[in-house]
Amino acid sequence: MSDNFFRFHDLFAQLGLPNSRDAIAAFLNQHRPLPNDVLLADADFWDESQAQFIREKKLEDSPEWTQLIDQLSEALRENSGNRNMFGTCRVLALSGSLRHSSFNTALARSAQAMAPQGMNIEVATLHGIPLYDADLEASEGIPAAVLKLKAQILDADALLMVTPEYNNGVPGVFKNGIDWLSRADMKAVFAKRPTGMIGASMGGFGTLSSQAAWLPTLKMLGVTLYSGNSVLVSRAQNAFDAQGELMDDSSRKNLSAYLNGFNEFVQLIKIAKLKSR
Ligand SMILES: Cc1cc2nc3c(=O)[nH]c(=O)nc-3n(C[C@H](O)[C@H](O)[C@H](O)COP(=O)(O)O)c2cc1C
């Protein structure tokens with residue numbers, strides 16, 4: 001996606017849009033696909049002055065802007081570099097931290113912004129889920145926040161767990177959420193669900209231990225785990241900027257490679273499922 005950053009940086013500024021790497025990637029993800037029969041200037045996501053700028057520059061055939069406008073139009077179309085044969089791959093990225101400025105929620109948002117073409121990532125958190133209590137379950141059933149999360153997972157093609165690390169292990173908050181979800185319907189929510197795991201921590205080993213500590217639980221849940229490569233963002237306090245954007249180049253490269261691999265993995269599972277019908 002970085003070539004989109006270099007291509008569209010000035011055009012986005014001219015249109016009054018945020019033009020950081022993540023902002024450009026998020027814009028493309030949010031507004032793609034633009035139907036082929038809709039001119040870029042007629043898209044409903046522009047305000048009047050943006051639409052007018054695009055129209056005018058196209059009419060003038062302005063050398064400075066026309067090529068960029070055409071490239072943006074192309075980048076927003078369905079078939080623009082879309083390698084997915086079976087439609088968009090929808091992923092729910094679940095952050096395991098409740099913290100407002102969580103590095104893991106920021107990592108989930110970076111994944112959302114950097115998702116490869118054909119992959120759409122929605123970000124969810126564990127807010128509102130109480131501590132697991134079998135008495136509460138018996139008296140009131142599964143809490144609404146758990147049911148909402150369950151529905152979001154069922155609606156997606158794949159789950160991407162974004163885990164912090166506490167004391168070299170799994171954070172209790174995240175495990176609690178997963179335990180509740182297993183009570184909501186372990187088979188439907190987890191069995192054979194394509195699942196990825198990434199994470200960020202402030203230590204030097206960047207969630208290496210917590211990701212390993214999750215393995216027995218993931219095996220118990222029966223997920224189909226993507227293990228193609230790893231995203232272990234270490235020293236997270238230096239990897240993100242104050243706005244929560246992932247700035248560290250090698251972490252961005254890793255995340256991008258991970259998402260590409262995860263996209264292919266989920267697509268292959270979708271194809272296998274279709275074939276077995
Ligand atoms: C109880 C506790 C234990 C922690 N243990 C570790 C650890 O084992 N390894 C590590 O790299 N960071 C550890 N940290 C620091 C976390 O990486 C840091 O708090 C991080 O910001 C948590 O993720 P978040 O920003 O998404 O909330 C620990 C933090 C807490 C609160």
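The values are calculated or read from the model by the stated rules, or taken from the named source; none is laboratory data. Keep in mind the model is a prediction, meaning the values are calculated, not measured. Glycine also receives a Cβ, built like all others from the backbone with ideal geometry; neighbour counts cover every protein chain displayed. These accessible areas exclude ligands, DNA and RNA; they are computed on the full protein's heavy atoms, side chains included. Shrake-Rupley method; radii C 1.70, N 1.55, O 1.52, S 1.80 Å.
Can you pull out the residues in the stretch 186-218 that are within 7 Å of the ligand (Cβ to nearest atom), open to solvent by 20 Å² or more (accessible area, probe 1.4 Å) and either assigned to a helix (DSSP H, G or I) or in contact (Cβ under 8 Å) with a residue 60 or more places away in the chain (or both)?
Correct list: 202, 209.
Please go through the stretch 219-237 and give me each residue that is open to solvent by 40 Å² or more (accessible area, probe 1.4 Å), outside any helix (DSSP H, G or I) and more than 16 Å from the ligand (Cβ to nearest atom), ordered by number.
224, 225, 227, 228, 229
Being within 14 Å of residue 22 (Cα to Cα) and touching a helix residue (DSSP H, G or I) at 6+ places or on another chain (Cβ under 8 Å) is the filter here, so list the residues in the stretch 216-250 that pass it.
240, 244, 245, 246, 247, 248
If you scan the stretch 39-67, which residues turn out to be modelled with pLDDT of 90 or more and open to solvent by less than 70 Å² (accessible area, probe 1.4 Å)?
Across the stretch 39-67, the qualifying residues are 40, 41, 43, 45, 46, 50, 51, 53, 54, 57, 65.
For the stretch 115-126, check the following and say yes or no: at least one residue is assigned to a loop (DSSP other than H, G, I, E, B) and within 16 Å of the ligand (Cβ to nearest atom).
The first filter runs over the stretch 115-126 and keeps only residues assigned to a loop (DSSP other than H, G, I, E, B), leaving 115-118, 125-126.
From what is left, the residues that are within 16 Å of the ligand (Cβ to nearest atom) are 125-126.
Looking for residues that are assigned to a loop (DSSP other than H, G, I, E, B) and within 16 Å of the ligand (Cβ to nearest atom), one finds at least one in the stretch 115-126, hence yes.
Residues checked against (1) within 20 Å of the chain's Cα centre (by Cα); (2) without any contact (Cβ under 8 Å) to a residue 24 or more places away in the chain; (3) open to solvent by 40 Å² or more (accessible area, probe 1.4 Å):
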{"position": "129", "(1), (2), (3)": "no, no, no"}
{"position": "132", "(1), (2), (3)": "no, no, yes"}
{"position": "143", "(1), (2), (3)": "no, no, no"}
{"position": "147", "(1), (2), (3)": "no, no, yes"}
{"position": "156", "(1), (2), (3)": "yes, no, no"}
{"position": "164", "(1), (2), (3)": "yes, no, no"}
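Test residue 265 against the stated conditions and say whether it is aromatic (Phe, Trp, Tyr), surrounded by fewer than 21 Cβ atoms within 10 Å (Cβ to Cβ) and within 14 Å of the ligand (Cβ to nearest atom).
No; evaluated as a whole, the condition is false for this residue.
Each row is one residue, and each column tells you yes or no for (1) assigned to a helix (DSSP H, G or I); (2) charged (D, E, K, R).
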residue	(1), (2)
128	no, no
131	no, no
136	yes, no
149	yes, no
152	yes, no
159	no, no
164	no, no
175	yes, yes
180	yes, no
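Being near the ligand (Cβ under 8 Å from one of its atoms) and either within 14 Å of residue 215 (Cα to Cα) or open to solvent by less than 40 Å² (accessible area, probe 1.4 Å) (or both) is the filter here; which residues of the stretch 166-176 pass it?
Passing the criteria: 168, 169, 171.
Being in contact with a helix residue (DSSP H, G or I) (Cβ under 9 Å, 6 or more places away or on another chain) and of a type in the set (Val, Ile, Thr) narrows it down to one of 162, 173, so name that one.
Values: 173 fails: in contact with a helix residue (DSSP H, G or I) (Cβ under 9 Å, 6 or more places away or on another chain).
162 is the lone residue from the list that is in contact with a helix residue (DSSP H, G or I) (Cβ under 9 Å, 6 or more places away or on another chain) and of a type in the set (Val, Ile, Thr).
Looking at the stretch 98-114 only, could you name the residues that are assigned to a helix (DSSP H, G or I), polar (S, T, N, Q) and within 15 Å of the ligand (Cβ to nearest atom)?
Scanning the stretch 98-114 gives 104, 105, 110.
Looking at residue 249, is it modelled with pLDDT of 95 or more, more than 16 Å from the ligand (Cβ to nearest atom) and of a type in the set (Asp, Glu)?
Numbers: modelled with pLDDT of 95 or more: no; more than 16 Å from the ligand (Cβ to nearest atom): yes; of a type in the set (Asp, Glu): yes.
Here the answer is no, as residue 249 does not meet what is asked.
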